[in-house]
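The values are calculated or read from the model by the stated rules, or taken from the named source; none is laboratory data. None of the values given here were measured: they were computed from a predicted structure. Heads up, the Cβs are rebuilt from the backbone with ideal geometry, glycines too, and the neighbour counts pull from every protein chain shown. Protein only, heavy atoms only, side chains kept; ligands, DNA and RNA dropped before computing areas. Shrake-Rupley method; radii C 1.70, N 1.55, O 1.52, S 1.80 Å.
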Amino acid sequence: MFRASAPGKLVLLGEYSVLEGAPALAMAVDRRAVAELAPASSPQVSSVCAPDIWPDTECFTLGADGAPVWHNQNLRLADAMSLVSCVMRAFSVPHQTISASFDLKLFSAPFFSHSHRDGMRIKLGLGSSAAVTAAMASVLAARAGRLDMLKNRQDWLSNLLSVHRNFQHGRGSGIDIAAAVYGGVICYELRSSPYVRKFGWPSELFQLWVWSGQSASTSDFLAQLYTWKKERPAECSRHMSRLAKIAESGSQALIDGDADVLYWCIEEAALALQAFGDASKIPIFSPHHLKISALVKGAGGVYKPCGAGGGDLGLAVTQDATIAGRVRAALQLAGYAVLDLDMDRVGLTLEQVPEGV
């Protein structure tokens, strides 16, 4: 049996401007997606068990294009399993057809929370689809006898980016895939081929990851961005340039180990994102983010939404442990959850394990 796992991510600086080729900073976090692939219990039929995507184990056979042909014709199943189909199509035919049937298990529960009001699952915005893509593609490539594809992280990242972009209909920067593959704090640039540098995090800066209380749809915000860029290209370019310069300064601060400059960059990025959202009509600073920001500032820290904003998680940073404790207390008193997230330094892993382990 092959088992792979990959971490989630949070964007620190450079959201939106990364789409224009500017550097962006992201941190891999210790919430992992796991994929396991083993020979099928039935010699003719394969199956997928993905309880965080679909409640039942579903059987399939591989079609001529490498995608699964589901025995259950429920249209909702095909929609829910669209990522699974996309990854399977990419890694079961172009490199080497997986002729033998197999059982695939996918787990991504750490990327979700539950509402205390109605028990519904809530997406936290940690990049679950990217982590699932990295883990699932790795076990499929291993099963197909293509372990050589995973030897070079840069080359494997390029493969994964192509697949994940197909799933996202060509949108997205791929920074979540890069964080899943490399781990740690990364500086990512979307060039002709992805460029990644890996860093640590300054011990002088204290992070708190704050759940806004609502999920956000990155795809909706990207659609709004493309509309704005088409209608008002000069205005969009000015705001993108401001965000890019801040991200470049933050990247250099990591290289120099300058915690003071990095702190300033996070503070400036919050202001730039708010102006960007006001101009584009993208609600990056939702009412919850605005309230959290006021609480964090009042306690002595700085705060910005992570990624596309509008909901999901935000980052509070302080330069003092006592202030960090004060920020945490203020947020919790107001009813906001501060998640216990640590940096994942390892990134994507793959191993072959005995059955039942």
**Message:** When you check Ser192 against the structure, is it open to solvent by 20 Å² or more (accessible area, probe 1.4 Å), of a type in the set (Gly, Ala, Ser) and not in a loop (DSSP other than H, G, I, E, B), yes or no?
**Reply:** no
**Fill in**
In the range 308-331, anything among the acidic types (Asp, Glu) and either surrounded by fewer than 19 Cβ atoms within 10 Å (Cβ to Cβ) or modelled with pLDDT of 95 or more (or both) is listed as Asp320
**Message:** Please go through the range 47-63 and give me each residue that is touching a residue at least 24 places away in the same chain (Cβ under 8 Å) and either open to solvent by less than 10 Å² (accessible area, probe 1.4 Å) or on the phi > 0 side of the Ramachandran plot (or both), ordered by number.
**Reply:** Val48, Ala50
**Request:** Those residues that are open to solvent by 90 Å² or more (accessible area, probe 1.4 Å) and either touching a Gly at 6+ places or on another chain (Cβ under 6 Å) or not in a helix (DSSP H, G or I) (or both), I need them from the range 225-250; list them, please.
**Result:** Arg232
**Prompt:** What residue, of Pro305, Pro354, Pro283, is in contact (Cβ under 8 Å) with a residue 12 or more places away in the chain, open to solvent by less than 20 Å² (accessible area, probe 1.4 Å) and not hydrophobic (A, V, I, L, M, F, W, C)?
**Reply:** Pro305
**Prompt:** Which of the residues that make up the range 286-301 are on the phi < 0 side of the Ramachandran plot and either of a type in the set (Ser, Thr, Tyr) or surrounded by fewer than 23 Cβ atoms within 10 Å (Cβ to Cβ) (or both)?
**Reply:** Ser286, Pro287, His288, Leu290, Lys291, Ser293, Ala294, Leu295, Lys297, Gly298, Ala299
**Complete:** When (1) open to solvent by less than 20 Å² (accessible area, probe 1.4 Å); (2) among the acidic types (Asp, Glu); (3) in contact with an Asp or Glu (Cβ under 8 Å, 6 or more places away or on another chain) are applied to Asp30, the one that fails is (1)
**Message:** I'd like the full set of residues that are open to solvent by less than 50 Å² (accessible area, probe 1.4 Å) and closer than 30 Å to Asp155 by Cβ, limited to the range 202-224.
**Reply:** Leu222
**Item:** Qualifying residue in the range 199-208 (condition: farther than 30 Å from Ala334 by Cα and more than 16 Å from the chain's Cα centre (by Cα))
**Value:** yes
